[in-house]
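Report on the structure given below.
Derivation of every value follows stated rules applied to the coordinates shown; laboratory data play no part. As the structure is a computational prediction, the values presented were derived from the model and not from experiment. For neighbour counting, all protein chains shown are included, and Cβ atoms are generated from backbone atoms with ideal geometry for every residue, glycine included.
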Amino acid sequence: MPKDSGIGASPKRREDIRFLTGTGNYTDDININGQTYAWFIRSDVAHGTINSIDASAAEAMEGVLKVFTSADFAEAGGIPCGWEVTDRHGQPMQEPKHPILAEGKVRHVGDPIAVVVAETLEQARDAAEAVEIDIDELEAVIDMKAAVAEGATKVHDDLTSNLCYDWGFVEENREAVDEAIKSAAHVTTLELVNNRVVANPMEPRVAVGDYNRAGDEHTLYTTSQNPHVIRLLMGAFVLSIPEHKLRVVAPDVGGGFGAKIYHYAEEAFVTYAAKVLNRPVKWTSSRSEAFISDAHGRDHVTKIELAMDENHKFTAVRTDTYANMGAYLSTFAPSVPTWLHGTLMAGNYITPLIYVNVKAVFTNTVPVDAYRGAGRPEATFQLERVIDKAARELGMDPVELRRKNFIQPDQFPYDTPVAVTYDTGNYDATMDKALEVADYAGFEARRAESEARGKLRGIGVAHYIEACGIAPSNLVGQLGARAGLYESATVRVNATGSISVFTGSHSHGQGHETTFAQVVSEMIGVDASQIDIVHGDTSKVPMGMGTYGSRSIAVGGSAMVRATEKIINKAKKIAAHLMEASEADIELKDGAFSVAGTDKSVAWGDVTLAAYVPHNYPLEDIEPGLEESAFYDPANFTYPSGAYICELEVDPETGVIDMLNFTAADDFGNVINPMIVEGQVHGGLAQGIGQALMEACIYDENGQLLSGSFMDYTMPRADDMPMMNVDHSCQTPCTHNPLGVKGCGEAGAIGSPPAVVNAVIDALHRAGHKVEHIDMPVSPARVWKAMHG
Amino acid sequence: MTKVTMTINGKPRSGEAEGRTLLASFLREELGLTGTHVGCDTSQCGACVVHVDGKAVKSCTMFALEADGAQVDTIEGQADADGTLNSLQQAFQDYHGLQCGFCTPGMVMSAAALLKDNPKPSEAEIRHYLEGNICRCTGYHNIVRAILAASGQDVPAVAAE
Amino acid sequence: MYNFEFVKPSTVEEAAAALQGEGAQALGGGQTLLPTMKQRLASPETLVSLTGVEGMVGISAGDGTVTVGGATTHAQVASEAASAYPALAALAGQIGDPAVRNRGTIGGSLANNDPAACYPSAALGSGASISTNKRNIAADDYFQGMFETALDEDEIVTSVSFPVPEAASYQKFLQPASRFALTGVFVAKFPGGVRVAVTGASNNGVFRWTEAEEALSKEFRADALMDLRINHLNMISDLHGSQEYRAHLVGVMTRRAVDAAG
């Protein structure tokens, strides 16, 4: 019998009621009395020198309160970067200033130059057309390899070049890896592009700034995955507002996928302008504006070499990657191609020697930062593509080559040569499960049936590993993080026994209000309806690092467990007192405390009432009240893994790909809510399949974004997706967090792109087309070109 | 400014609109019906879908003045007066057909229009009909299942090959 | 967007008079015009809504012709023309998405003449007659290049008359983001010959592929096209497909249209 509540059950989501009835509270739904509207004037050239800005005519127009330029922010700091990478020579990365509004130069199409604030949005927009801006256009730096060539135009004049850093990992292995590749029995080489994509959560970004003169208090309402991080970065580094005078609220947020992690200029602008004008200021992004102001994702150009011995055992991996940073360093940008990428280059395999080189490059494009998976998809894509190519070169089944090199269950904990220790896993188990669910053995019959209809059928396999539950603070601190990556929770039990959980994790689609309540309900034995999960407001939640890197349940959930354990311990003391028993004999079951071996018991509500009405209470031992906080900082990352299989058909006449079947067999450790976990995988798969087949963020040589709206950037639609077979029955629980959970948010986006591309290449090879690789997105036009030259 | 009157979710509502006021803006800002969302500016995403005189339209691609005198139905009017979800809304909850909730109002209104025209749509018909509604969270899998369920059909755990 | 005056005339004459005004523009369903105005790429001073004009909505069939009122939506054509002219109805049912089809009109589409729109291929492929408040214009004279038509500024498409062919089909290869046609081909077989109209592919907008028409007029079979290649040099090249790919798709879609027309 499946459970109907608590851990492992799939209760319906409580947050759905407001979303299904139109009563959610998204940032753009917030309107404050006296609100004004900001319109950002953005650069329409990729690179240029600003000669002059004349806003006098605009400021005289009806409804205009003020036109802001960089001169208004002379006292403010730049938008900070939260991670410092040290290069292979021990030098810190080059870190340019990222001003709120452009100072002297514009560096990408969309770079904000000035902002008009007016009584209405249309007045602001009308006035924006009257702001005269004189810009001398400069040569745009777009191609990464050209950007780091001798004599290239510089994106930032005060840096020595466009190279942010040249990172080597593990640098000490560099020569040994070179040697191993030279002496290998077989080396497979692949050059590939991990295409630039745009996260495109359906809710565009919004920021509303408010200021209370009486208390000198600032409030920012923003579409963020981590309001406390915004409070820290904006308060401490940009606007010099102490935390106790700055409240950041991220209410219902319509998806994030990474793009809403970062601190953006618009947030600092509305916060600051609200004080200057003493009026609330609202900015709502349009979708077209989002394309040129939200951080983009991926954008790596890579060459990978895989060396094997005569028994097809991997001996070494060497990769060289150019990673696009865009024009400025977004909040976590430097960490993505390095610590979130290089550390995963062992994949699920025993590879004794690995060397990863990454050159991070400034270009005149929108900043690039983490997008669902962040670094790990790029690592997985290279590795799982080159293994497929190697299998083909060796005449082996790609599944067998993987199995031959898998880390075996008895080898955990397993230290990789790229500095991480996998705690648990069983990769043959996930592979077996995926092969079974996808009916891998029956493929040939299906292929023959497709062939009879004139279609080319292919099957592609990939196995991924990711490092999730992004933490621990002491480790990431050594790696350059400028923040801790713990999570906090406060559990407040009210006198009548109802519970408010304040978590630093933020839900923007993940359903925390449901799953987190399931955990506390299971631990205490009270009905989940008595438990509220509160998140997204720095004035309510003491501290939080937010939601990204599939970390909410593994880190935020663990903090909540720790705080709940403290609650239970204290409640047991109270119960022991009430029942005149020894604390050691108190048991908590189904919401009641009992004394072991007796029929004495007190209800949860009696204990909680005693905590707040302490007439009969051990006041000499413990304080009244029942509220506990915990900060949880895990000892290691978690390591979800899984096997993905894609089956598709290619139309040889047009190159059109019909996605027939997608199977995912994931090991997420323990699962709190299977329904929600499956939903997370579905969504991740759609984003991975989207990246693989249709999503392309394309700049021309002048730095104009050609795919700058939904008219040209292809979002996956319902009829692009197959029904998906999602299995999470293979479970090797995480060994170092109290719930044994690993995290599930990003897996789908990590494992699916190589499975899709492997399937396309498989289909073409089976039909006699010796195509080794097609870069993503594998569009019909690219497939057709690959087939017909 | 022009006075505009519509029957919204069965009740007469009036407000002021300029020529350029979009129906979506009129609903959200003039009438405070913020359940209708705006997710793009090129008429692709469908988060703003409402029904005008019984037909699904993108309220971001229609002027408020064009809807003067019309019957308009929005997400706010779908549940019963006591808050009970209608069968389609309930199916979305039962089958986890939403995550962040932002596309959901348009998705529900489009699905309602589909079921009015085609009470027992196939999986392929559902997928095709939703081409004007973009969801970034669900991969559409559970949206399709929810609509199948709402139409009283068996819901496959996965696709039948 | 820029503000404008909204007028909603009830007769063609009133509408035409309103369009005489400085900066006046007709508004059909607005499915292309509104996004353009949001980007401030169009700035009409007056928008003349045609949706309330009497006699401009509806579909009638007779004498081998289907006539569609200029303000008739794509959704209406998709459902109401299905028996009289199935290929036309099928084309209308592939424009945009369901919500767009509930607003967008045939007159609006033809007046705009987007090079990737579907309707121009049906009009040209059927040899339709485009009726305005002033005259009737043969489709062969109407389309004059990308976004260019024979219409005067104050001219309104009041109806479009399609001769119904013996067999016809529209085959659309989607531009996957916009849902316009990356390449769409409308093939229509009449007693006097075959017409083939191609949209989405050419820098000059919709055009007739005369070589294919000649070959198909001799023999209405997809195989009759096997040796034909269309020159790619005037094709559109963009991030969704090269000139060569579009030229190739013209061939594939034409053959598929012939097969589907039967």
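A compact table of results
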item: Calculated FRET efficiency for the pair C:D238/C:D152, C-beta based, R₀ 35 Å, to 0.05; result: 0.65
item: Shielding score for A:196-203, defined as the mean number of other chain Cβ atoms within 10 Å; result: 5
item: Chain A, helix-only ellipticity at 222 nm - DSSP H runs n ≥ 4, -39,500 (n - 2.57), divided by all residues, nearest 500; result: -7500 deg cm²/dmol
item: Loop-located GluC sites (Glu not before Pro) in the stretch A:130-184 whose Cβ has at most 16 other Cβ within 10 Å (DSSP); result: A:E139, A:E150
item: Cβ crowding within 10 Å averaged over residues, with B:129-141, A:626-638 ranked highest first; result: B:129-141, A:626-638
item: A:S707 long-range amide H proximity, modeled H, under 5 Å; result: A:I698
item: Förster-model FRET efficiency, 45 Å R0, A:Q91 and A:D599, C-beta, rounded to 0.05; result: 0.05
item: Shape category assigned to the stretch C:59-163 from the gyration tensor of Cα positions, a/c cut at 1.5; result: oblate
item: For A:T36, distant residues with modelled amide H under 5 Å away; result: A:V281, A:K282
item: DSSP bridge orientation in chain A - percent antiparallel, rounded to nearest 5; result: 80
item: Relative packing of peptides A:352-360, C:224-232, A:76-84 - highest average C-beta neighbours within 10 Å first; result: A:352-360, A:76-84, C:224-232
item: Residue-averaged beta-carbon neighbours from other chains (10 angstrom radius) around A:246-256; result: 3
item: Distance in nm between pseudo-label sites at C:Q144 and A:E444 (7 Å out along the Cβ direction from Cα); result: 6.5
item: Under 17 Å from the Cα of B:K58 - aspartates and glutamates, other chains or at least 8 residues apart; result: A:E203, B:E29, B:D41, B:E66, B:D68, B:D73, B:E76, B:E131, C:D97
item: Average beta carbon contacts from partner chains per residue of A:718-730, 10 Å cutoff; result: 6
item: Sequence ranges A:665-671, C:171-177, ranked by mean other-Cβ count within 10 angstrom, highest first; result: A:665-671, C:171-177
item: Amide H partners (placed H, <5 Å) of C:L182, local residues excluded; result: C:F173, C:L174, C:Q175
item: Karplus 3J(HN,Hα) series, Hz, for the stretch C:214-226 with 6.51 cos²θ - 1.76 cosθ + 1.60 (x for Gly, Pro); result: 5, 5, 6, 5, 6, 8, 8, 9, 4, 4, 5, 9, 4
item: Partners for C:K134 among lysines (Cα-Cα distance below 28 Å; same-chain residues under 8 apart left out); result: C:K8
